[in-house]
Amino acid sequence: MIKLGLDKIIVTRLDPSPNVLQALSETVAWCSTRTGRIDQLRSRELDPLAILKDPRHEDCSADVRVKARQESYRRAMTSINELRSTFLHHTQLELPDFTVAQTKGKLLRYEPLETVEDGSSEFLSHGFFNIEDAPPWDTWFLSTESAIFSWVPEPLIRDAQAGIDANIVNCIHWCDWSELSKSG
């Protein structure tokens, strides 16, 4: 008889951190209150554009610009999550759980330092992505050193897919939910 030692296998399930789950749940709740139209997901209430200002190219080296952009995206993500949380707290909406996020939308990874401003993703996604290939900021919920994670509601998946297909540098793509446990 051959014994494989399967009784010693320990399966560990890596769940996203509580902070990531909270931000994702709030994002799903927030986006679910919108009409499902793309223009409703770049709200004035969460607009991070003032935070995402780049330093002038002649004022610093490429490394300094990269660090400044990473920091600006981190600050923008913090601002978006805090503002959205505050607005949702006042509405007293029930927050959906992780399985609702998984069944009612898809997880998108956007790498803002890899973008090329050619407009193809923006055009073919009917404005879901902008000129910098960024998804609507209302869908953002997590930033890492190299990426912004977004939750894309079901009705907008087709538009997002068209933009992903048009993207020549692969800075936007669907990703597996397990990436959240590695990032949070």
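The values are calculated or read from the model by the stated rules, or taken from the named source; none is laboratory data. Since we're looking at a predicted model, the values are computed, not measured. With ideal geometry, Cβ positions are generated from the backbone for all residues, glycine too; neighbour counts draw on all protein chains shown.
Among the charged types (D, E, K, R), under 18 Å from the mean Cα position of the chain (by Cα), surrounded by fewer than 16 Cβ atoms within 10 Å (Cβ to Cβ) and at pLDDT 85 or above: is that true of residue 94 in this structure?
So residue 94 does not fit the description; no.
Restricting attention to the stretch 101-134, which residues are closer than 30 Å to residue 15 by Cβ and out of contact with any helix residue (DSSP H, G or I) (no Cβ under 8 Å at 6 or more places or on another chain)?
Once the filter is applied, which keeps residues that are closer than 30 Å to residue 15 by Cβ and out of contact with any helix residue (DSSP H, G or I) (no Cβ under 8 Å at 6 or more places or on another chain), the stretch 101-134 yields 102, 103, 110, 111, 114.
Give the residues of the stretch 73-96 that are among the acidic types (Asp, Glu) and either assigned to a helix (DSSP H, G or I) or touching a Phe, Trp or Tyr at 6+ places or on another chain (Cβ under 8 Å) (or both), sorted by residue number.
Hit for the stretch 73-96 is 82, nothing else.
Just for the stretch 146-171: of the residues that are out of contact with any strand residue (DSSP E or B) (no Cβ under 8 Å at 6 or more places or on another chain) and within 20 Å of residue 98 (Cα to Cα), which one is surrounded by the most Cβ atoms within 10 Å (Cβ to Cβ)?
If we take residues in the stretch 146-171 being out of contact with any strand residue (DSSP E or B) (no Cβ under 8 Å at 6 or more places or on another chain) and within 20 Å of residue 98 (Cα to Cα), then 156 is surrounded by the most Cβ atoms within 10 Å (Cβ to Cβ).
Among what's in the stretch 57-79 and is of a type in the set (Ser, Thr, Tyr) and at pLDDT 85 or above, pick the residue that is surrounded by the fewest Cβ atoms within 10 Å (Cβ to Cβ).
Checking each candidate, the answer is 78.
Out of the residues in the stretch 97-106 meeting the condition of being surrounded by 10 or more Cβ atoms within 10 Å (Cβ to Cβ) and out of contact with any Asp or Glu (no Cβ under 7 Å at 6 or more places or on another chain), tell me which one is modelled with the highest pLDDT.
106
Considering each of 99, 144, 139 in turn, give the residue that is over 30 Å from residue 63 (Cβ atoms) and either among the β-branched types (Val, Ile, Thr) or touching a Phe, Trp or Tyr at 6+ places or on another chain (Cβ under 7 Å) (or both).
Step by step, each of 99, 144, 139 is checked, and only 99 is over 30 Å from residue 63 (Cβ atoms) and either among the β-branched types (Val, Ile, Thr) or touching a Phe, Trp or Tyr at 6+ places or on another chain (Cβ under 7 Å) (or both).
For the stretch 100-143, give me each residue that is assigned to a helix (DSSP H, G or I) and either closer than 20 Å to residue 47 by Cα or under 13 Å from the mean Cα position of the chain (by Cα) (or both).
Of everything in the stretch 100-143, those that are assigned to a helix (DSSP H, G or I) and either closer than 20 Å to residue 47 by Cα or under 13 Å from the mean Cα position of the chain (by Cα) (or both) turn out to be 101, 112, 113, 122, 137, 138, 139.
Would you pick out the residues in the stretch 143-184 that are under 13 Å from residue 105 (Cα atoms) and aliphatic (A, V, I, L, M)?
Listed by number, the residues that qualify are 152, 156, 157, 160.
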